[in-house]
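Here is the structure we will look at.
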Amino acid sequence: MNANTGSSMSPGAGWHVYQGTGQAPATPLAGLPEPPPWRRFSGVGQVFRPTDDGGEGDRRIGLPRATGRKPHDREVLMVNAAIYLRRPLLVTGSPGTGKSSLAYLVSRELGLGPVLRWPVTSRTVLKDGLYLYDAIGRVQAAAERSGTTPAESDLGDYIHLGPLGTALLPFELPRVLLIDELDKGDIDLPNDLLNVFEEGEYHIPELVRFAARQPDVRVLTADRGGSAVVKDGIVRCREFPIVIITSNGEREFPPAFLRRCLKLHVRPPDFDQLGGMVAAHFGEAEGIDLARLIADFLEHSTQRGGLASDQLLNAVHLATQLATSGAHQLDGDWNDLLNAIWHPLTADLNE
């Protein structure tokens, strides 16, 4: 590509797969652009991809209304770059700026089914995201059947793929995987993820040992009621998942990990974006002065060192309830309520 063709790469250009509309597609996504040669994977098999998320997306990002959230141009740019390059997108920013919501917006717009969410804690290790083997449960079940050893045929009933493990199944279209708050995890976790990200596969030793006698084993997945067949104890993707990794910046990541990710810093939402977010959850929010409430929220956020978007949603919900009940939102203790709801995120809990 000529270095002077930057205008063709502007937001909204034809090369964009993700537009940031927040709307579900009229027709299912037929496929994605070809990946780079070094990001092609050879997973085979038919794996069912669920389409119903049980309302989880609506709960987290609201209904797909025309006046919904409007993303920054750079957000759309980097999501598309991650899709084309088949690389994880590391999303940083202050708490409550909508980092996690991005995964649900991408999944909804591209029609890729439920988001596979892996929340990270200080005790999380790589295997937690890949799979769990309930050896104790299997032995107990054998004892209840009066057997001396577990039956080989039921091994898959006690292997449960985690969110990362499920995302790497050979789906025809990629799944969206949210690795939430990776910076809270063990210091070794980012490096442990490197090989999985590079190879697009992992082994399940319990099934590898069993492969000579039974190469195909059906296991449970992270999808509700889901299952999939694993061959020879190896899970290998066909399409690398769209991986959204969030971080609140509590610590730095190693250079080797950052080299394999694209990076997006999410700025706090502006007036119009907050209005779109409220509309997605509440529609017109009749009975309240929404513009004034958002302006007050932004003023408080500036004074208090940054507030989270869900603190605004809490205030809007209370305001609509007061309006519905006939109470005036500015009467009585409304200002005290706002001060309590819009408390600083770094405030001393004893204040």
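At-a-glance table
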| read-out | value |
| --- | --- |
| Matching entry among 232, 223 (being surrounded by fewer than 20 Cβ atoms within 10 Å (Cβ to Cβ) and of a type in the set (Asp, Glu)) | 232 |
| Number of positions in the range 269-295 that are assigned to a loop (DSSP other than H, G, I, E, B) and closer than 17 Å to residue 314 by Cα | 8 |
| Count of residues meeting criterion [surrounded by fewer than 17 Cβ atoms within 10 Å (Cβ to Cβ), at pLDDT 95 or above and in contact with a helix residue (DSSP H, G or I) (Cβ under 9 Å, 6 or more places away or on another chain)] in the range 61-91 | 1 |
| Subset of the range 299-320 [under 23 Å from the mean Cα position of the chain (by Cα), under 17 Å from residue 270 (Cβ atoms) and assigned to a helix (DSSP H, G or I)] | 309, 310, 311, 312, 313 |
| Qualifying residue in the range 132-144 (condition: out of contact with any Lys or Arg (no Cβ under 9 Å at 6 or more places or on another chain), of a type outside the set (Asp, Glu), modelled with pLDDT of 95 or more and in the same structural domain as residue 80 (by TED's automatic domain parsing)) | yes |
| Residue identified as over 27 Å from residue 219 (Cβ atoms), surrounded by 15 or more Cβ atoms within 10 Å (Cβ to Cβ) and within 14 Å of the chain's Cα centre (by Cα) among 53, 58 | 58 |
| Strands (runs of 3 or more DSSP E) contained in the range 153-249 and holding at least 1 residues over 16 Å from the mean Cα position of the chain (by Cα) | 159-161, 201-203, 216-220, 227-231, 234-236 |
| Test: residue 190 is crowded, with 22+ Cβ neighbours inside 10 Å and of a type outside the set (A, V, I, L, M, F, W, C) | yes |
| Unique residue being at pLDDT below 85 and surrounded by 12 or more Cβ atoms within 10 Å (Cβ to Cβ) when the list is 314, 248, 350, 339 | 339 |
| Some residue of the range 105-120 being in contact (Cβ under 8 Å) with a residue 40 or more places away in the chain, closer than 17 Å to residue 237 by Cβ and either of a type in the set (Phe, Trp, Tyr) or surrounded by fewer than 16 Cβ atoms within 10 Å (Cβ to Cβ) (or both) | yes |
| Pair list, Cβ under 8 Å, 6 or more apart: the range 204-223 residue more than 13 Å from residue 130 (Cα to Cα), other residue modelled with pLDDT under 90 and assigned to a loop (DSSP other than H, G, I, E, B) | 217/210 |
| Scan of the range 257-268 for residues that are outside any loop (DSSP other than H, G, I, E, B) and touching a strand residue (DSSP E or B) at 6+ places or on another chain (Cβ under 6 Å), ordered by number | 262, 263, 264, 265 |
| Selected residue (criterion: surrounded by the fewest Cβ atoms within 10 Å (Cβ to Cβ)) from residues of the range 259-311 that are in contact (Cβ under 8 Å) with a residue 24 or more places away in the chain and among the polar types (S, T, N, Q) | 311 |
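The values are calculated or read from the model by the stated rules, or taken from the named source; none is laboratory data. No experiment lies behind these values; they were computed from the predicted model shown. Ideal geometry is used to build each Cβ from the backbone, glycine not excepted, and the neighbour counts take in all protein chains shown.
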